Amino acid sequence: MVNEIDWEKKVDEAFEHLLNTYLNSRHRKKVDIITKAFNFARQAHKGVRRLSGEPYIMHPISVAQIAAEEIGLGSTSICSALLHDVVEDTDYTTEDIENIFGPKIAQIVEGLTKISGGIFGEQASAQAENFKKLLLTMSDDIRVILIKICDRLHNMRTLQSQPANKQYKIAGETLYIYAPLANRLGLNKIKTELEDLSFQYEHPDTYRAIQKKLELTEKKRDKLFTDFTAPIREQLDKMGLQYEIKARIKSPFSIWNKMQNKHVTFDEIYDILAVRIIFTPTAMDAEANDCFNIYLALSKIYKSHPDRLRDWVSHPKANGYQALHVTLMSKQGQWIEVQIRSNRMDEIAEHGFAAHWKYKDGTEQKMLQEITEDEGELNDWLRTIKEILDDPQPDAMDFLDAIKLNLFASEIFVFTPKGEIKTMPAGCTALDFAFQIHTFLGSHCIGAKVNHKLVPLSHKLQSGDQVEILTSNSQHVQPSWINFVSTAKAKGKIQAILRRDNREIQKKGEEILEKWLKHNQLEMKTSYLDKLCDLHEIRKHDAFLQALGEKNIILGDRDLDELHGKNKQKKSSWRKYVPFLKGNPSPQSTKQQQEELTDEPYIIVGKDFNKKKPIFVSEENISKYVNPLCCHPIPGDDILGYIDNKGHIEIHKRACPVANKLKASFGNRILDAKWDMHRKMFFDATIRIRGIDRKGLLRDVADVLADQLDINIHKITITSNNGVFDGSIEVRVHDRNDTKVIIETLQLVNDLQEISQIM
């Protein structure tokens, strides 16, 4: 155990390290105010400890250390980081901070302070509310979000002391919101660490397996890197350049993500290794020329991929990223991506906004003192965020989704009729472009001319397109538009206009419902609305009232029975995925067992329910949990529980896209869930196969499954085209381990090239 004196010593050492980091930077040396902030925070948090046992003050110091060392922020940010939890966790107020440290630090601390209550209503998530507050302050001062990312990074680095349900909540929120935010602000190094830490807590076994494979293939990669870069070094030396060449290894999270999205194994991922050339420009204005000269020199050594040249030098990404990416064929027959960037570009790529500001400003005195200067694309993004905040979504999940559209988009470059260049997200349509220019243009858009050719609203734009928007005053926003726009701004504006139009219809629906309830001697209650929404499989009250107003739903006896509780308990959706018990029972006994499984009511979470303890899903209680349609977890999958609005517990895969939203929006409802199954039940699993078509192949596959493995094939689909077949096999398995055995055994069948499990 560490005693109090030792902790005091550790705190002093940590602060001294922070001061030394700051003094070694190019910032003005405002040591006094930083020391004052540290002493104030130390006193305010005195006696408080974190779950890990260390004094609480170690957390603000660590956050300030990340801000200073890993992002390069100055005294204002360091002070704000040291004070960021004072208002939330102690009796001090924002006014106290302002009186002692001035309005700027107080404003940043206020932006970093969590709040309770909600704009989104009773069911709203505190996370979405906090995030909205954060973004509102961020649009005035970008340092708020930078420090918040530092705070989140330290929380992730010390997450092991939290219970599992909290780990899933924080990791999910990090992956859903904070990693994309870090990426948008150019903090590539921090983004990668946030992703890997989240992955490590959500899928620990998979993370360890990928780490082990990376270690096992390290020597092979090292040799490839050495052989590949030897002639490059020779050529760059001849050119008289100062440079260094680094190997960039794909992160475990990126590898796993690619394995999931492309349905490939670790061995089938060929871009684990990339090469980075970082050079010192030959002259002040020669950066871009040097990049292309290096590219020309490389293309004389290796063949380049014609479709994989990415010029981020001439057209930087919205987060300031600049580099020239080229993919070359190595002598070993493997494509390797080479990233060519100057020292300045490299620092911006790794440290993001702060480095960008440093190079733009150039002086110690001005660096990061004035954040509100026009930052081009970054300010455009912040303006879009502001517009979304000005018209808040009524639902927390929709709000987070709208923000995410702005976080993840990769960019294309589109021209106006006058030749002005606009940065747009990849996959955007002509209608997105119209809304990007002006809401009036978007809401009255009837089509567009792309490269002088007439196209519909839904036409997807490509980089380099010149776009002219065509409008008509008689045109109005259509509900179908929401299906083909992809930008947050367009979606937000369309939804806002539609909501305005729909309010009248909803009001009419409310009148119809009130009249019907009064006729049946009932009063208007939220619980009745919940029941009717559930009966008609509509998620939101507004949507139900609109359907009533549009006469798409006519209330009748069935609705009345639902309100009086006369309808039978709905069958558990597990029934479809738990078709029978082991031992080939008779049809009669199977039916009886199914009824026994599915007629039990769901578990309802009460006030005394301990959310910190894991729940165990077993054969005896599986029917008491809700199995949603978004993902079909089976034993062996990493799972979690989610308490829905009715107090029932849904079981999701931790990697499920819906679960990711729930973790980010309703983290306090997340539970740790574990399997306690004993291979008595069967579940559906789908195996995807691809390879060279030949006679007897299907028979060989069936022999392996039926004879060797004694697997019950539920369904098989095969299509063949020009000698290549693609197919899927649905099988009954006990758990994920069964699917692993099936895949390993199928790999022995000749001409089967790709075998993967569809998650």
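Some values worked out for this structure:
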| quantity | calculated |
| --- | --- |
| Solvent-accessible area per residue, Å², over the stretch 196-243 with all protein chains present [probe radius 1.4 Å] | 63 |
| Net lengthening on full extension, residue 706/residue 311 (0.36 nm per residue, minus Cα-Cα) | 136.9 nm |
| Extension gain from residue 462 to residue 296, taking 0.36 nm per residue of separation minus the Cα-Cα distance | 57.1 nm |
| Global form of the stretch 445-521, assessed from the alpha-carbon gyration tensor, a/c cut-off 1.5 | prolate |
| Dipole of the stretch 183-280, positive direction: furthest Cα of 186, 280, 225, with charges on the beta-carbon | 280 |
| Label-to-label distance, nm, for residues given as residue 692 and residue 208 (7 Å Cα→Cβ offset) | 3.9 |
| Exceeding the 18 Å Cα-Cα cut-off - candidates 169/674; 29/148; 223/246; 36/104; 624/715; 220/303 | 29/148; 624/715; 220/303 |
| Burial order of peptide ranges 472-478, 74-80 (average beta-carbon count within 10 Å, highest first) | 74-80, 472-478 |
| Of all accessible heavy-atom area on the stretch 477-555, the percent that carbon and sulfur account for (1.4 Å) | 47 |
| Accessible area (Å², per residue) of the stretch 639-728, counting only protein heavy atoms and a probe of 1.4 Å | 47 |
| Net charge dipole size for the stretch 150-252 [Lys, Arg +1 and Asp, Glu -1 on Cβ; Debye, nearest 20] | 80 |
| Evaluated at q = 0.12 Å⁻¹: base-10 log I(q)/I(0), Debye formula over Cα of the stretch 650-759 | -0.53 |
| Estimated FRET transfer efficiency (residue 17, residue 668; beta-carbon r; R0 51 Å; 0.05) | 0.90 |
| Test item: Cα-centred dipole of the stretch 590-731, Lys/Arg +1 and Asp/Glu -1 on Cβ, debye | 680 |
| Simple label model, 7 Å out from Cα along Cβ direction - residue 621 to residue 552, nm | 3.8 |
| Relative packing of 704-710, 53-59, which averages over residues the other C-beta atoms within 10 Å, highest first | 53-59, 704-710 |
| Rounded, prolate or oblate (a/c below 1.5 giving rounded, otherwise prolate when a/b exceeds b/c) for the stretch 404-487 by Cα gyration tensor | oblate |
| Förster radius 45 Å - calculated FRET efficiency between residue 530 and residue 104 (Cβ-Cβ, nearest 0.05) | 0.45 |
| Two-decimal Rg/Rh across the stretch 53-98, once Rg and the Kirkwood Rh are taken from alpha-carbon atoms | 1.01 |
| Sequence ranges 302-311, 625-634, ranked by mean other-Cβ count within 10 angstrom, highest first | 625-634, 302-311 |
| Within the accessible area of the stretch 272-314 (1.4 Å probe), percent carbon and sulfur | 51 |
| Length released on extending from residue 28 to residue 480, taking residue separation times 0.36 nm less the Cα-Cα span | 157.2 nm |
| Cα-derived Rg to Rh of the stretch 623-665, Kirkwood definition | 0.93 |
| Simple spin-label estimate for residue 189 and residue 39 in nanometres, 7 Å along Cα-Cβ | 3.2 |
| Span from the the stretch 461-526 Cα centroid across to the the stretch 26-78 one, whole angstrom | 47 |
| Total formal charge among the other residues, if their Cβ is under 11 angstrom from that of residue 163, Lys/Arg +1 and Asp/Glu -1 | +4 |
| Total formal charge among the other residues, if their Cβ is under 12 angstrom from that of residue 329, Lys/Arg +1 and Asp/Glu -1 | +2 |
| Net charge of neighbours whose Cβ lies under 15 Å from the Cβ of residue 722, counting Lys and Arg as +1 and Asp and Glu as -1 | -1 |
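The values are calculated or read from the model by the stated rules, or taken from the named source; none is laboratory data. Because the structure is predicted, anything quoted here is derived from the model rather than measured. All Cβ positions, even for glycine, are placed from backbone atoms using ideal geometry, and neighbour counts span all protein chains on display. For the accessible areas, the whole protein counts, side chains as well, though only heavy atoms, and no ligand, DNA or RNA atoms are used. Shrake-Rupley method; radii C 1.70, N 1.55, O 1.52, S 1.80 Å.
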